[in-house]
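Okay, so here's the structure we're looking at.
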Amino acid sequence: MHVPEITLPITEPETEWVRGEALQKVSPTRSHSLLQAALAAELREWAGSRGEVGTEWRFRVTPPGEATRPLVPDISYVAVERLRGLTGTELEVPRLSPDVAVEILSPDDKRINVDDKIKTYLAAGSQLVVIVDPATRSIELHDKGGRRVLERDERLSHGELPGFTLSLTELFQVIDPPR
């Protein structure tokens, strides 16, 4: 069975297919950039040889019964088992949903678009979608079981990231003003 695919040109910043239309990602702010770098570094250290962690990595995501479409999480993790056997070209823009997709909210992000991405990632096979909110210094964890919100003094951990733990206090310190 042929699955239709929505293809979009490579743009700066990237363009994704969200809620039935091409949506250019919001250009990141300082907070977005610093949180993305810090969280990606922590996830890379945790991942080691178990998988790959990337930033702004484009995926060709296919929810059941829907067209394949491009999504570009701010940070993604894919287990090495899911990448084995893909050619170099297929690895560049894989036709799969990352195991873990992280989106860092920007002031201009519309919640309806964020919710659509969460739904799409989970339907297409992601096990965990992490939404980082610099404004509230909170993190939402979305998985097949629902949604859990972590706040300031809690630690980020989840069964899909076995052994990974990160203090939200420490993570969000990267966006504090310089002293």
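I'd like to check one number: the per residue accessible area of the chain, probe 1.4 Å, reported in Å² as a whole number.
Value returned for the chain: 52 Å² of accessible area per residue.
Going by accessible area, probe 1.4 Å, with all protein chains left in place, what is the ranking of V93, V130, largest first?
Largest to smallest exposure gives the sequence V93, V130.
Average the reciprocal distances over every distinct pair of alpha-carbons in segment 1-69, invert the result, and give the Kirkwood radius in Å.
The answer is 14.4 Å.
Rounded to the nearest 10 Å², what accessible area does V61 show when all protein chains are kept and the probe is 1.4 Å?
Counting only protein heavy atoms, V61 exposes about 0 Å² to solvent.
Largest first, how would H158, H32 line up by accessible area (1.4 Å probe)?
H158, H32
Just to check, using Stokes-Einstein with a Kirkwood Rh over alpha carbon pairs, what's the diffusion coefficient of segment 7-165 at 25 °C and 0.890 mPa s in µm²/s?
154 µm²/s
What ranking, highest mean first, results for peptides 68-78, 43-53, 168-178 when packing means the other Cβ atoms within 10 Å averaged over each residue?
Per-residue mean Cβ counts within 10 Å order the peptides as 68-78, 43-53, 168-178.
Ignoring ligands, DNA and RNA, how do K144, K25 rank by accessible area with a 1.4 Å probe, largest first?
Descending order: K144, K25.
What percent antiparallel are the DSSP beta bridges of the chain, to the nearest 5?
The antiparallel proportion sits near 80 percent.
Treating each Cα of segment 81-125 as an identical point scatterer and ignoring solvent, apply the Debye formula and state log10 I(q)/I(0) at q = 0.15, 0.23, 0.24, 0.25 Å⁻¹.
One equal scatterer on each Cα of segment 81-125 leads to -0.51, -0.86, -0.89, -0.92.
Under a Cβ-only charge scheme (Lys and Arg +1, Asp and Glu -1), can you give me the dipole magnitude of the chain about the Cα centre, in debye to the nearest 20?
Here the chain has a charge dipole of around 200 debye.
Expected output is a single nm value to one decimal: the length gained when fully extending between A79 and E92, i.e. 0.36 nm times separation in residues minus the C-alpha distance. What is it?
Extra length available between A79 and E92 comes to 3.2 nm.
To the nearest 20 debye, what is the magnitude of the charge dipole of segment 86-126 about its Cα centre, counting +1 on the Cβ of each Lys and Arg and -1 on the Cβ of each Asp and Glu?
In total the dipole reaches around 160 debye.
Which residues does a label at R30 reach in segment 117-137, if reach means a backbone N under 17 Å from a point 7 Å past the Cα toward the Cβ?
Output list for this probe position: 134-137.
Give, rounded to the nearest 20 debye, the magnitude of the charge dipole that segment 3-53 has about its Cα centre when Lys and Arg contribute +1 at Cβ and Asp and Glu contribute -1 at Cβ.
About 180 debye.
Would you work out which of L71, G54, P28 lies farthest towards the positive end of the dipole of the chain, given +1 charges on the beta-carbon of Lys and Arg and -1 on that of Asp and Glu, about the Cα centre?
Result: L71, furthest along the dipole toward the positive end.
The values are calculated or read from the model by the stated rules, or taken from the named source; none is laboratory data. Here the structure is a predicted model, which is why all the values come from computation and not from measurement. Note that we place each Cβ from the backbone using ideal geometry, even for glycine, and neighbour counts take in every protein chain shown. Just so you know, the surface numbers come from the protein's heavy atoms only, side chains and all, with ligands and any DNA or RNA stripped out. Shrake-Rupley method; radii C 1.70, N 1.55, O 1.52, S 1.80 Å.
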